Every structure is written in structure tokens, then in C-alpha cells.
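One structure is given below, encoded as C-alpha cells.
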Amino acid sequence: MYQDFAYYYDTLMKNVDYSKWTDHVEEIFRRNGKQPKTVVDLACGTGGVTNILAARGYQVTGIDISEDMLFVAGEKARKSGLTVSYVCQDMTELTLHRPVDAIICMCDGFNYILEDKKIERTMQRIFRYLNPGGILVFDISTYYKLSSVLGDNTMADNDKEISFIWLNNFDKKTRILEMNLTFFKKENGMYRRSDETHFQRAYYNEEIVTLLEECGFSDIKTYSANDLRPPGKRNHRVFFSAAT
Ligand SMILES: C[S@@+](CC[C@H](N)C(=O)[O-])C[C@H]1O[C@@H](n2cnc3c(N)ncnc32)[C@H](O)[C@@H]1O
């Protein structure tokens, strides 16, 4: 996962407004009366949100399991003169030197956790590494999106520099979406093909809320990712916040 794709990720995400996404995170901090100084960004990828938070004055650590994604994130931070600590770690085994004020996880990070035991363990560890009065903010791609929008569909983008074909298969029993991605990257007048398979699990909002409660979180809230209003049945992405 996220090997060759790491180097195409930003191109394929060019329409994602990471500033707006970061605004949402800060708005959720504000609505919950939090002014965190130290933030850990789990599954930070190429640092889309991480680097913006650093530029806005937060002391940020980005954690990801993919060395390639972290390499891209680190290079972007270096070129922008930002100080961000990037760490290669599996978030299901999260280990920090000291607790922080806020932990965030954006753009499907938790959907990549496929087993109940592992997501439970991840939330427990997050709870342990948040300071009292701390906040967890994250989004998930909804059950509706994974099962019915991406579902058993095929997507493709025929771009001159990077084209891709994206074949999906959703298993209702396991609630796991298998995404077979094929990229064609233009190199020296030819196209280089690479393939990756990604798996994401669909979670119901209610089960995430129950899990957070069981881990000791309080003041658990959900928001539509578009406008931070209460989410509806057909939202593709939902934000959550939970306090320690
Ligand atoms: C869709 S990308 C999101 C990246 C970034 N948060 C963003 O907003 O663009 C998902 C990221 O989750 C990371 N990831 C998946 N499973 C992980 C795990 N167990 N621990 C840490 N990172 C993980 C992947 O390597 C990838 O960078």
C-alpha cells in the first residue's frame, strides 16, 4: 500500500482543499473550547493537513505506516521551511514519548483498520496518549460511500501525465472494500504501469460512537464533512470529535 501511489497521491488529490479541511479541524477545536498546542496527525500521508497545521503554529507530529508517503510529506515540509516531526509507525500500535493535546486522523485513516480488535486497541491507545482535556478529531468515509458509491464500481481518469483505473469490490459480510488500483505514469515518452491493492472497512457512525464511549471518551460529536452540520444518511464523509 502507498508505495508508487505515494508519489502520485498529491496529483490525484489536487482537487482536495486541504486548507478548508484544516479550517474544519480548527473550527471543531474552537466549538469544543480547545486550544491545543501539540497535535499528532495519524495516517498523515503526504502531510496535506499536517504541514498546514505546522504553518499555523501548532507543534505537529505526523505518523504514517508508509515510508514513501512520509518521504513526500517530509520533503514538502523541508521545502516550505516547516518544522514537523514525521514518524513511521503503525497507528494500531501507537506509541508516543509524551501525551499531546490533540490527535487527528484525516481522509479515511481509520477505514484502513480492518479488524474490531485493532480499531479498539487504536482508540484505547489514543485515549492513553491524550492529555486530560484533550481532543480527538477524525473523519471516516461512511458505510454509504464505501458500500454504495464506491461499492462494486469502476472508476478511471484518463489524464496525460497519470491515468488510473480503480476496480472496487465490496464484501457485505466483512464490510471490506477491496480497491484494485492501476496507474499509468508518463515517463520518457512511455507509460509505466504500477498496481496496488487497498482495503478499507466500512463502519457505522453509531458503532464508532459506542467504541469511543467504551474507551472512556466523552462529549462525542459527529459532523457532516461538508459544512460541519449534523450528518445525514447520504453523507460520504463524517467528522467525529471526542474529548478526554
Ligand atoms: C487516504 S491516505 C490519507 C492521508 C492523509 N491523512 C490525507 O489527508 O491526505 C491514508 C493514509 O493512511 C495510512 N495508513 C493506513 N494504515 C495505517 C496504519 N495502520 N498506521 C498508520 N498509517 C496508516 C496510509 O499509509 C496512508 O498514508
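The values are calculated or read from the model by the stated rules, or taken from the named source; none is laboratory data. Quick caveat: nothing in here was measured; it's all calculated off a predicted structure. Neighbour counts run over all protein chains shown; Cβ positions are idealised from the backbone, glycine included. We work out accessible area using only protein heavy atoms, side chains counted, and drop any ligands, DNA or RNA first. Shrake-Rupley method; radii C 1.70, N 1.55, O 1.52, S 1.80 Å.
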Quiz item: Given the residues Lys20, Lys34, which is the only one that is more than 9 Å from the ligand (Cβ to nearest atom) and surrounded by fewer than 14 Cβ atoms within 10 Å (Cβ to Cβ)?
Solution: Lys20
Self-check item: Members of segment 133-156 found to be acidic (Asp, Glu) and open to solvent by less than 60 Å² (accessible area, probe 1.4 Å), listed by number
Solution: Asp139
Quiz item: For Leu53, all conditions in the list (1) free of Cβ contacts under 8 Å to residues at least 60 places away in the same chain; (2) open to solvent by 40 Å² or more (accessible area, probe 1.4 Å); (3) within 27 Å of Lys118 (Cβ to Cβ); (4) more than 11 Å from the ligand (Cβ to nearest atom) hold save one; what is the number of the exception?
Solution: (2)
Quiz item: If you take the residues in segment 176-214 that are within 17 Å of Pro231 (Cβ to Cβ) and charged (D, E, K, R), which one is least open to solvent (accessible area, probe 1.4 Å)?
Solution: Glu207
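Per-residue answers, yes or no, for (1) free of Cβ contacts under 8 Å to residues at least 12 places away in the same chain; (2) of a type in the set (Lys, Arg); (3) more than 9 Å from the ligand (Cβ to nearest atom):
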{"site": "Met69", "(1), (2), (3)": "no, no, no"}
{"site": "Arg78", "(1), (2), (3)": "yes, yes, yes"}
{"site": "Val84", "(1), (2), (3)": "no, no, yes"}
{"site": "Glu93", "(1), (2), (3)": "no, no, no"}
{"site": "Asp101", "(1), (2), (3)": "no, no, yes"}
{"site": "Cys107", "(1), (2), (3)": "no, no, no"}
{"site": "Tyr129", "(1), (2), (3)": "no, no, yes"}
{"site": "Val137", "(1), (2), (3)": "no, no, yes"}
{"site": "Lys145", "(1), (2), (3)": "no, yes, yes"}
Exercise. Look at Lys173 and say whether it is part of a strand (DSSP E or B) and surrounded by fewer than 14 Cβ atoms within 10 Å (Cβ to Cβ).
Key: no
Self-check item: Inter-residue pairs, beta-carbon under 7 Å, first touching a residue at least 60 places away in the same chain (Cβ under 8 Å) and in segment 114-126, second open to solvent by 10 Å² or more (accessible area, probe 1.4 Å) and among the charged types (D, E, K, R), 6+ apart
Solution: Leu114/Arg201
